[in-house]
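Note sheet for the following structure.
The values are calculated or read from the model by the stated rules, or taken from the named source; none is laboratory data. The shown structure was predicted, so the numbers you read here are calculated from the model rather than taken from an experiment. Glycine gets a Cβ as well: all are built from the backbone with ideal geometry, and neighbour counts include every protein chain shown.
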Amino acid sequence: MLLEKVKWLQFIETLLVALVGGSCFYLLKIPLPWILGSITFTILYRVIAKRNLHCSKTVNNVVISVISIVLGLFFSRSTITTVLPYIAPYLLITILILVISIQNSLAISKFINVDKITSVIGSVPGGLVQMVATSYNLNANVSMVAVLQTVRMLTVVFIVPFVVIYFFTDSPVSYQPLKNAEPAINFLNYGWYILSFLVGWIMMKKKIASAYIIGPLLATAILNIIGIELPEIPFPIFVLAQILFGAFVANSIAFDDLLGAWKYCGLYSILAVFLILISFGLGYLLYLFTDLSLATSILSVAPGGLVEMSLTATAVGADSSVVTSLQLVRMLFIILVVPSILTRFFQKEVKIEQNH
């Protein structure tokens, strides 16, 4: 009972710190304020106050589902016909980015005390959960992979929104979740979102990676496409979801692991920046050879998370449905294909490790 009370107090403390951070970033007009402000202030508070904060995985699953539902609301029947012609070139771009990332991480592993399997898995632009799971299968340094993936993710999340907003678009920044939001049609229509949550829960039970992103997003998109009248998610709930998502990311960083890997974080941040620059170039090519806007092309190709890049698209007036669709294609490709490719690629090294 006492332990539960402590956790609740820590959760409230986490929420307050994250809320202050998000509000400060919002007032300063910093891109993705609710997520980036929450991450920044929560990390600083943990370091300076030396406090243990709490944000449970269950809460994170709920807030990710809420954000995914909002992203699913951007989909319409026209989205499918719009995105289909871009899937083949987009997959080629994705494969090229993955190859460049693998080659760079292999090269850097020759000069530092990090084995090449850990180096590659730690820098591949995939999801943190998926890459950590892959590191278990390949006998990599799991803690190091978690830290390097966190460093890569934070580098992308803090750089890409700034660059896109201030260099690749002239649109004013908006933090409303929907561009053409209308009042709720009927309170009972919110019941459809129970189905979206249920799909995520079922996918999680089947151990499908990123279930609480893919499930609610796809379920909501399908409901929207077939013509179900779905109400908007209230803006305060959307903001709260982003704040708690940022707090969970900040709390997931193990400082003991971070201290052990700190001397390599700078190098892998540089690798992430290099990959961002490559993705900007490839995004520009996608813009030249398609009718997509520059901001839409850049955000679709950027090696960031689906949630972060899609939210940035909503802020700059890019085509959020296209960005979300193409980022989802990459996520599915990484979830379904990349782990098995890496396993085969490093099969000899794994066998040698196991024999010893």
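So the values come out like this:
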read-out	value
Residues being assigned to a helix (DSSP H, G or I) and modelled with pLDDT of 70 or more - total across the stretch 343-356	3
Every residue from the stretch 272-283 that is in contact with a Ser or Thr (Cβ under 8 Å, 6 or more places away or on another chain) and farther than 15 Å from LEU92 by Cβ	ALA272, VAL273, LEU275, ILE276
Residue list for the stretch 188-214, restricted to those being over 19 Å from the mean Cα position of the chain (by Cα), modelled with pLDDT of 80 or more and aliphatic (A, V, I, L, M)	ILE194, LEU195, LEU198, VAL199, ILE202
Test: residue in the stretch 49-60 that is modelled with pLDDT under 85, under 17 Å from LEU306 (Cα atoms) and not small (Gly, Ala, Ser)	yes
Conditions (1) over 18 Å from PHE333 (Cβ atoms); (2) small (Gly, Ala, Ser); (3) touching a Pro at 6+ places or on another chain (Cβ under 8 Å); number of the one not met by SER101	(1)
Subset of the stretch 189-232 (residues that are outside any helix (DSSP H, G or I) and of a type outside the set (D, E, K, R))	ILE208, ALA209, SER210, ILE226, GLY227, ILE228, LEU230, PRO231
Helices (runs of 4 or more DSSP H) lying entirely in the stretch 257-342 (those with 3 or more residues that are more than 22 Å from ILE214 (Cβ to Cβ))	294-301
So ILE185, is it modelled with pLDDT of 80 or more, over 19 Å from the mean Cα position of the chain (by Cα), over 15 Å from ALA313 (Cβ atoms) and part of a loop (DSSP other than H, G, I, E, B)	no
